[in-house]
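What follows is one structure encoded as structure tokens, with my remarks underneath.
The values are calculated or read from the model by the stated rules, or taken from the named source; none is laboratory data. The model shown is predicted, which means the values in this text are computed figures rather than measured ones. Positions of Cβ are generated from backbone atoms using ideal geometry, with glycine treated the same way; all protein chains shown enter the neighbour counts.
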Amino acid sequence: MTERRDGTVGKALDVLDQVADFGRPVRFSEVLDGSSYPKPTLYRLMQTLTHQGMLHFDQDRQTYSPGARLVRLAHAAWAQSSLAQVASPHIEALSAQTGETVHLAQIDAAQVLYLDKRNATDPIPMYSQAGRVGPVYCTGVGKVMLAYLPPDQIAGVIAQQSFHRFTPQTITTAAALRAELDAIRDRGFGFDREEHEPGIICVAVPILSDAKRVMGAVSVTSTTARQSLDALAQLAPRVRDTAQAIARDAQRWSFPAHATQDFKLAGE
């Protein structure tokens, strides 16, 4: 876990992130095992978060989970400032047209944040779910967003990638990733070539404002059992049309200018 440098508030947000990442109710000892904070500090933070309704403590099971106040705030954020609300009808239509899974994502703290998802006509199990985060360097949506960031931000994001090898196709060096980003800019779209999960492939397009600022990304995802990369490439114009429609609606809706342009790199 990367410790934030924002005092008590930053530490509390670190703890909320950690609890949420478990994806299930979690005991204090489990949080402590993965925490960079001393036991008394962590206990104090979790008690404060519980008292404020940001965490819920189940007395019977002795577990913590996201609290009702946090859920309410998350819902308000989604309704007021998330690209997901504007994009929803567009990704719904794209999934219906292609019969495949469609993802909507943004880049957040050098990771991919999945904002929304529409399942294929014949759904397939995969890692991505709305609210989850994933790696930038080996996902289609991550790479296309990274490709269109300003050069200094690209360098900062690349410096924070783990380059863990998930599959034999995973990009594992900064040099290889930079070459991939050049190719994406040349053709205007990118792929996931089974880089994050075996058998999972996608074609992805960035969502860009009129000023060419990265607002997010959209992808069509399938499996090698029923699609090829060449077949997905044929869908790129349709995915691009969807991305452009989302961008137009988002700008008319006054989508917040800071949403991805001024994201902070972890540790700043």
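Residue 238 - would you say it is of a type outside the set (Ser, Thr, Tyr), at pLDDT 95 or above and more than 20 Å from the chain's Cα centre (by Cα)? Yes.
Scanning region 30-55 for residues that are free of Cβ contacts under 8 Å to residues at least 12 places away in the same chain, under 19 Å from residue 70 (Cα atoms) and surrounded by 14 or more Cβ atoms within 10 Å (Cβ to Cβ) returns a single hit, 44. Counting only residues that are surrounded by fewer than 13 Cβ atoms within 10 Å (Cβ to Cβ), assigned to a loop (DSSP other than H, G, I, E, B) and free of Cβ contacts under 8 Å to residues at least 24 places away in the same chain, region 171-199 holds 1 of them.
Across region 213-224, what is the total count of residues that are part of a loop (DSSP other than H, G, I, E, B) and either at pLDDT 95 or above or on the phi > 0 side of the Ramachandran plot (or both)?
Count: 1.
No other residue among 210, 152 is in a loop (DSSP other than H, G, I, E, B), over 16 Å from residue 112 (Cβ atoms) and not polar (S, T, N, Q) apart from 210. For residue 211, the conditions (1) under 28 Å from residue 86 (Cβ atoms); (2) touching a residue at least 24 places away in the same chain (Cβ under 8 Å) are fulfilled apart from (2).
Of all the listed residues (227, 251, 169), the sole one being at pLDDT below 95 and either touching an Asp or Glu at 6+ places or on another chain (Cβ under 7 Å) or not assigned by TED's automatic domain parsing to the domain that holds residue 118 (or both) is 251. Among the residues examined, residue 68 qualifies as modelled with pLDDT under 90, exposed (fewer than 13 other Cβ atoms within 10 Å of the Cβ) and more than 16 Å from residue 249 (Cα to Cα). If residue 210 meets every condition in (1) of a type in the set (D, E, K, R); (2) at pLDDT 95 or above; (3) in contact with a helix residue (DSSP H, G or I) (Cβ under 9 Å, 6 or more places away or on another chain) apart from one, which number is that one? It fails just one condition, (2).
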